[in-house]
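See below for the structure under consideration.
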Amino acid sequence: MHASHESNPPRGAATVPGDSRPGVVHTRRGPVECASFGEGPAVLALHGAMGGVDQALLLARTAGVPGFRYIAPSRPGYLGTPISLGRTLDEQADLYRDLLDALGIERAAVMAVSGGGPSALQFALRHPERCWGLVIISSVCTRIEERLPLAWYIMKLAARFGPLVARMRKKAEQDPDAAARRSIPDPTVRARTLRDPEAGPLLRELQLSTYDRMPLRMPGTENDITLTRGELSFPLERIKAPLLVVHGTNDSMAPFAQAQLMAARVPGAELLAIEKGEHMSIFTDRDVVRARVARFLGAHAPAAAAS
């Protein structure tokens, strides 16, 4: 394993446990709920909508590979991280910098999925000296025009009623196939994924996590919706960090054209197109994704570049 180019946390600095248990990191902006695991060059894992530290950890475990230290925070408005710490993309990018500072980490790659993608791009643009790589999965770089699915409005309403959420969770637990039907519409692919000894449990964990403390996931989700349906644009040509874009060609939530745009405009960007893949491609095509992520991170990690 290559050694990481990270500095040790300064005396008295907040740290997070290394066994995936969430803790609180006190940054200069405020408290950030966070977990960490692994050893090596740092990779900041950013979850999507309806997420939190649990889903950030899931992202790292699903698409990540050994040999790296994964930092998995709840983004602003999710679970234990207040929305006041980052309503705008600039504020979120600065919060990630402050989180790295509090942990004594000089540079990190960023792996972001879905709603976490825009703030990852902003971090790379706003703090280029802190970002050694970008992996953007099933996300967007321009305004989303598609209407919100009916499922979102049902979930938003259900979040107000604890017993209803509990009932929905129980139903998803009893029938994983039905729970995955909207995100993985192909029955053959869905059955194969759920049967997979590694991807299946990870997908089921994601399905159930949404129902845990659902009201605490709503402020961040609504903020993400506001940001991605506002005047969203980036000077992508200015991104200096190496970029890997991972995207399903049939993604109905984040159109594949978004991935093509990022790959075309960011200098030297790589695109892994998952043929007929949907928004959950990191589960349905996990082996392909992890193999490409391993090559990408291995090629650009600070220690690898120095050796």
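The values are calculated or read from the model by the stated rules, or taken from the named source; none is laboratory data. Values in this document were obtained by computation on a predicted structure and should not be read as measured data. Positions of Cβ are backbone-derived with ideal geometry, glycine not excepted, and every protein chain shown enters the neighbour counts.
Quick notes on this structure:
- Any chance T249 is hydroxyl-bearing (S, T, Y) and either in contact with a strand residue (DSSP E or B) (Cβ under 8 Å, 6 or more places away or on another chain) or exposed (fewer than 13 other Cβ atoms within 10 Å of the Cβ) (or both): yes
- When the stretch 257-289 is filtered for residues that are surrounded by fewer than 17 Cβ atoms within 10 Å (Cβ to Cβ), among the charged types (D, E, K, R) and assigned to a helix (DSSP H, G or I), the ones remaining, listed by number, are R265, D287.
- Residue satisfying condition, being in contact (Cβ under 8 Å) with a residue 60 or more places away in the chain and on the phi < 0 side of the Ramachandran plot, within set V245, V165: V245
- Options R167, R229: the member that is more than 30 Å from V32 (Cβ to Cβ) and not acidic (D, E): R167
- Criterion (touching a Phe, Trp or Tyr at 6+ places or on another chain (Cβ under 8 Å) and of a type in the set (K, R)) met by exactly one of R147, R169, R192: R169
- Every condition in (1) buried (at least 24 other Cβ atoms within 10 Å of the Cβ); (2) more than 26 Å from T226 (Cβ to Cβ) holds for G86 except the one numbered (2).
- Condition check for S114: surrounded by 23 or more Cβ atoms within 10 Å (Cβ to Cβ), under 28 Å from T226 (Cβ atoms) and at pLDDT 95 or above: yes
- Count of residues meeting criterion [surrounded by fewer than 18 Cβ atoms within 10 Å (Cβ to Cβ), under 23 Å from G117 (Cα atoms), hydrophobic (A, V, I, L, M, F, W, C) and in contact with a Leu (Cβ under 8 Å, 6 or more places away or on another chain)] in the stretch 131-176: 1
- In the stretch 177-219, of all residues being touching a residue at least 12 places away in the same chain (Cβ under 8 Å) and polar (S, T, N, Q), the one that is surrounded by the most Cβ atoms within 10 Å (Cβ to Cβ) corresponds to T210.
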